[in-house]
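Student: Before I ask anything, let me first share the structure, which is written out below as structure tokens.
The values are calculated or read from the model by the stated rules, or taken from the named source; none is laboratory data. Predicted model only: the values in this text are computed from it and were never measured. Heads up, the Cβs are rebuilt from the backbone with ideal geometry, glycines too, and the neighbour counts pull from every protein chain shown. Surface areas here come from the heavy atoms of the whole protein model, side chains and all, with no ligands, DNA or RNA. Shrake-Rupley method; radii C 1.70, N 1.55, O 1.52, S 1.80 Å.
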Amino acid sequence: MRLDPLAILTAFGLIFLAELPDKTMFASLAMGTRMRPLYVWFGTSTAFIVHVAIAVGAGSLIGLLPDWIVKLVSATLFAFGAFMLLRNGGGDEDEDGDVKTVTGFWPVYSTAFMAVFISEWGDLTQITTANLAASNGTWSTAIGSAAALMSVSALALLAGRFIATRVPLKTVQRVGGVCMLGLAVWSVVEIFVG
């Protein structure tokens, strides 16, 4: 196993920039306002590591799944997330009163893992990782890609926590719910456009 620092930096830079405007970053941000950020980060990071392993190990596996099915499942998960956020953030009850936050490690971890794991299938970053692995080496690409994805998730969670401490939770939930609904619509549109 030979690690190439330039290949690691190349993978990190390309994947980091590709993931910044990605829907998974916004999903992480929304989850971080409602759930324990560290638990969310563990869940998203595990899902990213699994996707990087799949991409560098067998990039052709993505081609086995019909793209429209992946996008439909992703849209369903985002719509469910929007429903949960809007349902809990939409009432007129007391600002600090009845809002519940998911706190247990396994519920938060599994929610974050599944949201990222399903929505990242066939994503630009996964395809880019598979392409980089073919030309720049498996381990170097895997390390650079995983580090980039985990960094973007951490940034999104920090931003989510920052926003949550300065904006009322109900407002954050409403905005997060609208964003998740937008991501669900975006995923459905990608079925017909992409």
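Student: Which number in (1) in a helix (DSSP H, G or I); (2) at pLDDT below 80; (3) farther than 25 Å from S135 by Cβ; (4) hydrophobic (A, V, I, L, M, F, W, C) marks the one condition that V99 misses?
Tutor: Of the numbered conditions (1) in a helix (DSSP H, G or I); (2) at pLDDT below 80; (3) farther than 25 Å from S135 by Cβ; (4) hydrophobic (A, V, I, L, M, F, W, C), the odd one out for V99 is (1).
Student: Could you tell me which residue of segment 1-17 is nearest to the chain's Cα centre (by Cα), considering only residues that are closer than 20 Å to A47 by Cβ and either open to solvent by less than 30 Å² (accessible area, probe 1.4 Å) or polar (S, T, N, Q) (or both)?
Tutor: My answer is I15.
Student: What number of residues within segment 114-139 satisfy the criterion of being acidic (D, E) and surrounded by fewer than 21 Cβ atoms within 10 Å (Cβ to Cβ)? Steps first, please.
Tutor: Initial filter on segment 114-139 (acidic (D, E)): 120, 123.
Narrowing the set further to residues that are surrounded by fewer than 21 Cβ atoms within 10 Å (Cβ to Cβ) leaves none.
Going through segment 114-139 one residue at a time, the tally reaches 0.
Student: Before we move on, is T33 open to solvent by 30 Å² or more (accessible area, probe 1.4 Å) and either in a helix (DSSP H, G or I) or at pLDDT 75 or above (or both)?
Tutor: no
Student: List the residue pairs whose Cβ atoms are under 7 Å apart, where the first residue sits in segment 5-27 and is more than 17 Å from A53 (Cβ to Cβ), the second is open to solvent by 70 Å² or more (accessible area, probe 1.4 Å) and of a type outside the set (S, T, N, Q), and the two are 6 or more positions apart or on different chains.
Tutor: Every condition considered, the pairs that remain are A18/L124; K23/W186.
Student: Look through segment 156-192, keep the residues that are free of Cβ contacts under 8 Å to residues at least 24 places away in the same chain and hydrophobic (A, V, I, L, M, F, W, C), and return whichever of them is surrounded by the fewest Cβ atoms within 10 Å (Cβ to Cβ).
Tutor: Step by step, filter segment 156-192, then rank; the result is F192.
Student: Criterion first (at pLDDT 75 or above, in contact with a Ser or Thr (Cβ under 8 Å, 6 or more places away or on another chain) and over 30 Å from V167 (Cβ atoms)) does F16 satisfy it?
Tutor: no
Student: Give segment 46-56 a look and list any residue that's crowded, with 22+ Cβ neighbours inside 10 Å and closer than 11 Å to M114 by Cα, or say none.
Tutor: Across segment 46-56, the qualifying residues are A47, F48.
Student: Please enumerate the residues belonging to segment 112-167 that are over 16 Å from V50 (Cβ atoms), in contact with a helix residue (DSSP H, G or I) (Cβ under 7 Å, 6 or more places away or on another chain), of a type outside the set (A, V, I, L, M) and part of a helix (DSSP H, G or I).
Tutor: T128, N136, S140, G144, S151, G160, R161
Student: Of the conditions (1) closer than 16 Å to K23 by Cα; (2) modelled with pLDDT under 80; (3) not polar (S, T, N, Q), A148 clears all except one; give me its number.
Tutor: For A148, the failing item is (2).
Student: Do we have any residue at all in segment 51-69 that's at pLDDT 85 or above and of a type in the set (D, E, K, R)?
Tutor: no
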